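The values are calculated or read from the model by the stated rules, or taken from the named source; none is laboratory data. Computed from a predicted structure; not experimentally measured. All accessible areas refer to the heavy atoms of the entire protein, side chains included, with ligands and DNA or RNA removed. Shrake-Rupley method; radii C 1.70, N 1.55, O 1.52, S 1.80 Å.
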Amino acid sequence: MMFKKSEERFKTIYKEGAMDGTKIIVDTQTGVHYLYTWSGYSGGLTPLLDSSGNVIVQTDYKEQ
């Protein structure tokens, strides 16, 4: 096989809703949190920001 299976890079840490909803996804290599929202067949993704406008990075999610 040309590619070997690796650990999932992105992990969902929060989810609500079904046809309309929200997820918070963490990149396990960088620790950056992303907010994904959807409604029916459309959706959007953006880095999650704190109250100061800085990207949320959780260092304990980073893989060594």
**Complete:** Once 20, 50, 27 are ranked on solvent-accessible area with the largest value leading and a 1.4 Å probe, the list reads 20, 50, 27
**Item:** Net length gained if the chain between residue 13 and residue 29 were fully extended (0.36 nm per residue, minus Cα distance)
**Value:** 4.3 nm
**Asked** Which order do 55, 32 take by accessible area at a 1.4 Å probe, largest first?
**Response** 55, 32
**Fill in**
Amide H proximity to residue 48 below 5 Å, modelled H, separation 5+ or other chain, gives 33, 34, 35, 56
